[in-house]
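Beneath this line is the structure, given in C-alpha cells, with notes to follow.
The values are calculated or read from the model by the stated rules, or taken from the named source; none is laboratory data. Model, not experiment: these values are computed from the prediction. Backbone-built Cβ (ideal geometry, glycine too); neighbour counts: all protein chains shown.
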C-alpha cells in the first residue's frame, strides 16, 4: 500500500557522481484519512549496488578486508560489493565486482534477493547474488582501493559474526540468508 504524497517543494542540496542529497517539502495523505501538510523529507538518493556471496569449489566463502570511511576509516570484513555502473544491469555488476575485488572468474551467478538498505533516509537498493567461483585470476582494483581477500568456512564465518568481528550488516544478512536457504555447499 502506498501513501499518497504531494510534492510541494524540491531542493537538491548536494550532488556528486555517487549520490544526491535532497530535501523536499511534501503533503502526506494517509490511508486513515489524515493529511499532514508541509512535512520535510530528507533523502540520500543513490543508485543500486550489488553484494556477492562468492564461494570457491572447496566451499570457502570470499570475504574482503578493506578500509571504509564511514566506519572511522577502519578496515572491516565484508562480502564483496560495489555500485552498479551507469547502464549496467545488476548481474553484470556482480560479476564485475567479483572479478575486480576477489580476483576469480565466475562459473555461475544467481540472484538471491534484492532490498532497500535503509529506506527511512536513502533510496539505495541492494541486489544479493550467489556466485560460484571459477579460476583464480588477478584483482583489478580502483586506484583508491586496497582489498585483501580471505576465504572462510561456514563455521569460521559463524564465529566471526557471532563474536561481533564482522560489523557490516549486508554481510551478515547476505551470508545468513545463503546459509539459511541451504545454498552453501556442504564440504
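List of remarks:
- Checking 67, 12 one by one, the residue that is in a strand (DSSP E or B), assigned by TED's automatic domain parsing to the domain that holds residue 151 and either at pLDDT below 95 or surrounded by fewer than 15 Cβ atoms within 10 Å (Cβ to Cβ) (or both) is 67 and no other.
- Enumeration of residues in segment 123-143 that are surrounded by fewer than 17 Cβ atoms within 10 Å (Cβ to Cβ) and in a loop (DSSP other than H, G, I, E, B): 137, 138, 139, 140, 141, 142, 143
- Residue under evaluation residue 22, criteria (1) assigned by TED's automatic domain parsing to the domain that holds residue 143; (2) surrounded by 13 or more Cβ atoms within 10 Å (Cβ to Cβ), criterion not met: (1)
- Just one of (1) assigned by TED's automatic domain parsing to the domain that holds residue 172; (2) surrounded by fewer than 17 Cβ atoms within 10 Å (Cβ to Cβ); (3) free of Cβ contacts under 8 Å to residues at least 40 places away in the same chain; (4) touching a strand residue (DSSP E or B) at 6+ places or on another chain (Cβ under 7 Å) fails for residue 82. It is (2).
- Residues located in segment 153-187, provided they are farther than 19 Å from residue 70 by Cβ and touching a helix residue (DSSP H, G or I) at 6+ places or on another chain (Cβ under 7 Å): 154, 157, 161, 175, 179, 184
- Going through (1) in contact with a helix residue (DSSP H, G or I) (Cβ under 7 Å, 6 or more places away or on another chain); (2) assigned to a strand (DSSP E or B) one by one, residue 76 falls short only on (1).
- Single residue of 120, 115, 178, 173 found to be over 22 Å from residue 73 (Cβ atoms), within 19 Å of the chain's Cα centre (by Cα) and surrounded by fewer than 11 Cβ atoms within 10 Å (Cβ to Cβ): 120
- Any hit, segment 30-44, residues being touching a helix residue (DSSP H, G or I) at 6+ places or on another chain (Cβ under 8 Å), surrounded by 15 or more Cβ atoms within 10 Å (Cβ to Cβ) and in contact (Cβ under 8 Å) with a residue 60 or more places away in the chain: no
- Residue check for residue 87: in a helix (DSSP H, G or I) and over 19 Å from residue 172 (Cα atoms): no
Yes/no per residue for (1) outside the structural domain of residue 88 (by TED's automatic domain parsing); (2) under 18 Å from residue 61 (Cα atoms); (3) in contact with a strand residue (DSSP E or B) (Cβ under 6 Å, 6 or more places away or on another chain):
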{"position": "122", "(1), (2), (3)": "no, no, yes"}
{"position": "131", "(1), (2), (3)": "no, yes, yes"}
{"position": "147", "(1), (2), (3)": "no, yes, yes"}
{"position": "161", "(1), (2), (3)": "no, yes, no"}
{"position": "171", "(1), (2), (3)": "no, yes, yes"}
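- All told, residue 165 meets the bar of being out of contact with any strand residue (DSSP E or B) (no Cβ under 6 Å at 6 or more places or on another chain), part of a loop (DSSP other than H, G, I, E, B) and in contact (Cβ under 8 Å) with a residue 60 or more places away in the chain.
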